[in-house]
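See below for the structure under consideration.
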Amino acid sequence: MVDGVGSHRDCSLNFRSKFNGGRLGVLARRDFRRFYIGYSTSLLGTALSSVAIAFAVLSNGGTPTGLGVVFAANIVPMVAFMPGGGALADRLGRRPVMLAADGGRCAAQGVLAAALYLGHPRLWLFVAAALVVGAGNAFFQPALAGLPVQLAPRGRLGDANALLAVARPAAQVAGPALAGILIAAAGPATAVAADAASYAVSAAALALLRFPAVSPPRSRSLRSDLAEGWAEFSAHPWLWAVTVQFALFNLLTWGPYLVLGPVLARAYLGGARAWGTILACYGGGAVLGGLLALGRRPRRPLVVASLATLGYPLPPLALALHLPAAAVAAGALLAGLGSALSGALSSTVEQQRIPAQALSRVGAFNLVGAYALGPVAFIAAGPAAAAVGAGPVLGFGAAWAACGTLAVLAVPAVRSMTWLDTG
């Protein structure tokens with residue numbers, strides 16, 4: 001018996017040693033593991049509620065235009081408040097800002113769920129909830145950009161970012177399927193209530209974290225914090241080059257793809273089921289890309305990250321050429337894989353090269369660049385397709401995406417950037 005117990009203990013210690021030293025070793029760190037569970041739960045809740053809210057708006061007499069207003073109400077505060085959110089996160093600490101954001105989002109979704117349980121809320125309540133959730137996102141996301149440096153050792157930042165890159169697409173794949181079951185069984189209100197509960201789980205996980213605080217900047221005002229953050233952001237050509245790339249990519253490629261993709265899917269691919277499969281393949285590819293990033297430490301990380309974005313043109317190009325659904329889905333899978341791989345590597349480079357006390361502000365400017373032109377893309381895609389056709393719009397977007405990648409690769413600072421392996 002003693003030998004058996006000793007043998008079991010040796011095997012357990014050996015397993016833990018391999019786990020700690022492997023690609024998932026960052027999950028052995030208590031703080032990162034707690035945060036990851038809470039964050040993944042909130043992402044799943046968001047995926048649930050996005051489907052539920054769409055059905056709730058339409059079933060309460062809303063129109064597609066009204067639904068578009070609700071979606072826009074989620075984006076506008078993100079663009080407006082993200083720079084301030086990043087400055088506050090660097091000044092006050094990332095966890096307090098994220099806790100406040102989770103609390104506000106939990107309250108907004110809880111009120112909306114209660115209103116759905118009680119009757120048929122008007123459109124303004126959906127818009128108000130979307131505004132509060134969008135404002136919460138504006139404060140949470142920049143803080144998240146700098147949090148990994150407090151939760152993971154520098155030598156594990158790549159693995160931490162890879163796992164974070166897996167969480168969102170995994171939720172986007174699982175969320176709609178679970179939402180369909182939950183809405184059919186208990187109605188949209190229950191799915192929205194589940195989202196509120198998921199923010200509570202995220203807040204609880206954040207409250208349990210124990211890590212050293214990053215020293216706040218010693219500037220005199222929030223305005224000077226923003227100025228310092230902008231100076232840090234603009235001082236790195238590789239960073240603003242990638243930001244400009246994705247701002248124009250979202251305007252000219254991905255926004256039109258998301259608007260016109262369902263139109264072409266309905267026209268020649270068989271409708272919603274085909275489009276749902278294509279979106280699921282993108283999410284599945286992103287999960288694979290995040291897993292592929294685990295343990296990867298390329299010598300030229302931004303070169304690899306940029307090359308990975310060459311998957312983006314594939315699904316819009318396949319639609320522009322009226323290729324079969326299988327070809328579009330394969331392109332979407334490769335685009336998702338490249339997206340997660342590129343995002344994980346780029347985030348790690350930022351965390352290696354940007355001072356910890358400025359990461360949230362720099363991340364905010366980066367995110368604003370990504371989101372700012374999104375509403376324009378959604379509004380302009382339809383008229384552009386009406387003028388010249390959906391195929392040419394998507395074909396131009398695919399060509400632009402490829403050219404954008406090549407332009408970024410032409411930046412010397414991108415090509416010369418090396419991985420800092422700090423152990």
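Figures for the structure shown
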quantity	calculated
Every pair of residues 6+ apart whose Cβ atoms lie under 6 Å, when the first sits in region 49-78 and is on the phi > 0 side of the Ramachandran plot and in a helix (DSSP H, G or I) while the second is modelled with pLDDT under 80 and buried (at least 17 other Cβ atoms within 10 Å of the Cβ)	none
Per-region count, region 260-304, residues open to solvent by 40 Å² or more (accessible area, probe 1.4 Å), over 21 Å from the mean Cα position of the chain (by Cα) and under 30 Å from Gly391 (Cα atoms)	8
Qualifying residue in region 343-355 (condition: closer than 21 Å to Phe233 by Cβ and surrounded by fewer than 18 Cβ atoms within 10 Å (Cβ to Cβ))	yes
Selected residue [open to solvent by 10 Å² or more (accessible area, probe 1.4 Å), under 22 Å from Arg91 (Cα atoms), assigned to a helix (DSSP H, G or I) and not basic (Lys, Arg)] from Gly134, Gly104	Gly104
Selection from region 108-124 of residues that are in a helix (DSSP H, G or I) and open to solvent by 60 Å² or more (accessible area, probe 1.4 Å)	Val111, Tyr117, Leu118, Leu123, Trp124
Conditions (1) in contact (Cβ under 8 Å) with a residue 60 or more places away in the chain; (2) open to solvent by 40 Å² or more (accessible area, probe 1.4 Å); number of the one not met by Val388	(1)
Among the candidates Ala56, Ala52, residue that is under 23 Å from Gln109 (Cβ atoms), under 20 Å from the mean Cα position of the chain (by Cα) and modelled with pLDDT under 85	Ala52
Positions within region 338-396 being under 21 Å from the mean Cα position of the chain (by Cα) and β-branched (Val, Ile, Thr), in sequence order	Thr348, Val349, Ile354, Val362, Val368, Val376
Residue satisfying all of: in region 177-193; touching a residue at least 12 places away in the same chain (Cβ under 8 Å) and farther than 13 Å from Phe55 by Cα; surrounded by the most Cβ atoms within 10 Å (Cβ to Cβ) among these	Ala193
So Ala171, is it surrounded by fewer than 23 Cβ atoms within 10 Å (Cβ to Cβ) and either part of a helix (DSSP H, G or I) or at pLDDT below 85 (or both)	no
Qualifying residue in region 26-38 (condition: modelled with pLDDT of 70 or more, open to solvent by 40 Å² or more (accessible area, probe 1.4 Å), closer than 30 Å to Arg296 by Cβ and not in a helix (DSSP H, G or I))	yes
Helices (runs of 4 or more DSSP H) (entirely within region 309-423) containing at least 3 residues that are more than 18 Å from Gly261 (Cβ to Cβ)	325-353, 359-371, 390-409, 412-416
Filtered residues of region 401-411 (kept if in contact (Cβ under 8 Å) with a residue 24 or more places away in the chain and either over 20 Å from Leu323 (Cα atoms) or crowded, with 18+ Cβ neighbours inside 10 Å (or both))	Ala401, Gly404, Thr405, Ala407, Val408, Leu409, Val411
Any chance Ala380 is at pLDDT below 90, small (Gly, Ala, Ser) and closer than 27 Å to Asn74 by Cβ	yes
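The values are calculated or read from the model by the stated rules, or taken from the named source; none is laboratory data. Quick caveat, the model's predicted, so the values are computed rather than measured. Note: ideal-geometry Cβ built from the backbone for every residue, glycine included; neighbour counts use all protein chains shown. For the accessible areas, the whole protein counts, side chains as well, though only heavy atoms, and no ligand, DNA or RNA atoms are used. Shrake-Rupley method; radii C 1.70, N 1.55, O 1.52, S 1.80 Å.
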